[in-house]
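Have a look at the structure below, then the notes.
The values are calculated or read from the model by the stated rules, or taken from the named source; none is laboratory data. Treat the numbers as computed from the prediction; the structure is a model and nothing was measured. Neighbour counts run over all protein chains shown; Cβ positions are idealised from the backbone, glycine included.
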Amino acid sequence: MQDRLLIERIEARILDIPTIRPHKLSFGAISRQSPVIVQLWLANGATGFGEAATIGGPSWNEESPESIHHAVVNHLAPALVGQDGARFEACLARMDLACKGNAFAKSAVEIALLDAVARTLDLPVWQLLGGKQRDSLPLAWTLASGDVERDLAEAQLRLEQKRHRIFKMKIGARTPEADLAHVSQIARGLQGRAVLTVDVNQAWDGATARRYLPPMVEAGVTLIEQPVAHWNVPALRDLTATLQGALIMADESVCTPYDAMRLAREQASQVFSLKVAKHGGLLRTRQVAAIAQAADIGWYGGTMLETSIGSAASAHVFATLGGRHHNCELFGPQLLVDDIVQQRMAIEDFELQLPDGPGLGVEVDLKQLARFDRALAGREPRHFDMGRDAAAAGA
Ligand code: MUC
Ligand code: MG
C-alpha cells in the first residue's frame, strides 16, 4: 500500500453555467449546463478534479446532475475513502460494488482520481492511459440554434477563425421535411468548405430514417448520429447495411462495453461516438474503443458539453487511441458563457491542442467554481428554461 496515495476525501458540487445561446436538440433546448465537479484529495495533499455533465437534466439518459451528486456523495465517496488511489481498477470495482450503473457519477470520480495521481507523479493523465498517439484533434462545432441564418453565420465565423470546419446539425425536433429543408440550406451555404454531420438524438423510427436519410446524404451529410432509439438496434443495423454515401454512428446505443459488443456482433454501426461519462470513465472508454478497433468500427470523440475539466479529460483519452479516427467535438467550453479553469485548451488550425502539463493540464479557478456553485447561489434545478438564463449571463 502506498500510504501517500491513500484517498482521503471526495467532494462534489453542482454548477449552473449559462450557454452563449439556446442549444436545441430533438428532445428540448438548453440555456444552461449543470456540470457536477468532483474534487478528490490524496493523503499526500495532492488534489484532482473530475466532471460529469448531462444535457437537459435526465433527458439525454437516466442520470441527472442531482443523481450524480447524490451517488458521488452518498455511495461512491464512502466506498473509496481510505483506499489505495494507485489501484485504479480496484477502485472501479469498489464503485461497481457500491453502486450499480451510474456511469456518469463514476466517471467524474475516476477522472478526479487519475488527475490527483498524475499530479503526484508530475505526469499528464494521457501518460497513465498508455501514452498519446497524437498532439491535437480535429474539432467539430454543433449548429443548433434552430435558425438557418444564425447557423450559417456561426459556421462562417468559425471557418474564418480557423476553429472549426466540421459541423454537426441537431435535428429531430421538427418534422423530417422541415429538417431536410434546414440541412439542405446549410449544406448549400457551406458547399465544399465543411464536413457536415447530423445527430437525430433517437427521434426517428426506422421507416422515417430510411426515407429521409438518403436525401440528406444527397445534400452532403457524411455521418449520421443515432437516427433511431437507443434500443432499436435492428433499425440501426438495417441502415448500416443499406445507406450509401454516409456512415452510421451509434451514440446513445453504445454506453457499456456490453453494448459495444452487441453492436459489433450485429454490425449495427460503422462508428462509435465515445463519451467518457456514458462509458463510466477514462479506462472504460479505452475498453469500448478496443472493441471498436477489433470490430473494424471507427470512433469519434464525443462530448456531453462539459467545461474545460471534462473536455480536457476526454481529450487525454482520445489522444491515446489508435484505430480509425473520426474527429472530436470537445467544444463544450466554447458553448458556455464562461469557464472554471484559468486557461482553456488552445484551438489552432481547426484542431484542439492537447495539454502537456501535469494531471489534466488545466488549472481550476476556485473563484469561478464558487461563482457558478448552485448551492452557494441557492438556485433551484431548472433544465429546460430556454432564454432566461442566457440573458442573465452572469448567473
Ligand atoms: C449528443 O447527443 O451528441 C453533443 C454535442 C451536442 O451538440 O450535443 C451533444 C449530445
Ligand atoms: Mg449524439
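Check whether at least one residue in segment 44-56 is within 16 Å of ligand 1 (Cβ to nearest atom) and surrounded by fewer than 19 Cβ atoms within 10 Å (Cβ to Cβ), and report yes or no. Lay out the reasoning, then the answer.
First pass over segment 44-56, keeping only residues within 16 Å of ligand 1 (Cβ to nearest atom): 51-56.
Next, from what is left, pick out any that are surrounded by fewer than 19 Cβ atoms within 10 Å (Cβ to Cβ): 56.
Among the residues of segment 44-56, at least one is within 16 Å of ligand 1 (Cβ to nearest atom) and surrounded by fewer than 19 Cβ atoms within 10 Å (Cβ to Cβ), which makes the answer yes.
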Checklist entry - Of (1) in a helix (DSSP H, G or I); (2) buried (at least 18 other Cβ atoms within 10 Å of the Cβ), Glu63 satisfies all except one. Which? => result (1)
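Which residue is surrounded by the fewest Cβ atoms within 10 Å (Cβ to Cβ), if the candidates are limited to segment 263-288 and must be in contact with a Gly (Cβ under 8 Å, 6 or more places away or on another chain) and outside any loop (DSSP other than H, G, I, E, B)?
The initial filter retains those residues of segment 263-288 that are in contact with a Gly (Cβ under 8 Å, 6 or more places away or on another chain), namely 270-277, 286.
Right, trim to outside any loop (DSSP other than H, G, I, E, B) and you get 271-274, 276-277, 286.
Numbers: Val271: 23, Phe272: 29, Ser273: 24, Leu274: 25, Val276: 33, Ala277: 32, Arg286: 16.
Among those that are in contact with a Gly (Cβ under 8 Å, 6 or more places away or on another chain) and outside any loop (DSSP other than H, G, I, E, B), it is Arg286.
Tell me, yes or no, whether segment 168-187 has at least one residue that is farther than 28 Å from Glu252 by Cα and either in contact (Cβ under 8 Å) with a residue 60 or more places away in the chain or more than 20 Å from the chain's Cα centre (by Cα) (or both).
Going residue by residue through segment 168-187, those that are farther than 28 Å from Glu252 by Cα are none.
The answer is no, given that none of the residues of segment 168-187 is farther than 28 Å from Glu252 by Cα and either in contact (Cβ under 8 Å) with a residue 60 or more places away in the chain or more than 20 Å from the chain's Cα centre (by Cα) (or both).
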Checklist entry - Can we say Ile68 is touching a strand residue (DSSP E or B) at 6+ places or on another chain (Cβ under 7 Å) and within 16 Å of ligand 1 (Cβ to nearest atom)? => result no
Checklist entry - Identify, please: which residue in segment 143-158 is surrounded by fewer than 20 Cβ atoms within 10 Å (Cβ to Cβ) and not in a helix (DSSP H, G or I) and is, among those, farthest from the chain's Cα centre (by Cα)? => result Asp147
Next on the checklist: I'm checking my understanding of the structure. Among residues of segment 289-323 that are of a type in the set (S, T, N, Q) and in a loop (DSSP other than H, G, I, E, B), which one is farthest from ligand 1 (Cβ to nearest atom)?
Outcome noted: Thr320
Checklist entry - Looking at Pro333, is it within 16 Å of ligand 1 (Cβ to nearest atom), under 30 Å from Ala292 (Cβ atoms) and modelled with pLDDT of 95 or more? => result yes
Checklist outcome for this item: Reported set for segment 247-262 where residues are part of a helix (DSSP H, G or I), among the hydrophobic types (A, V, I, L, M, F, W, C) and within 16 Å of ligand 2 (Cβ to nearest atom) is Ala260
Checklist entry - Consider Gly172 against the criteria (1) assigned to a strand (DSSP E or B); (2) over 20 Å from Leu335 (Cα atoms): it satisfies all of them except one. Which criterion is unmet? => result (1)
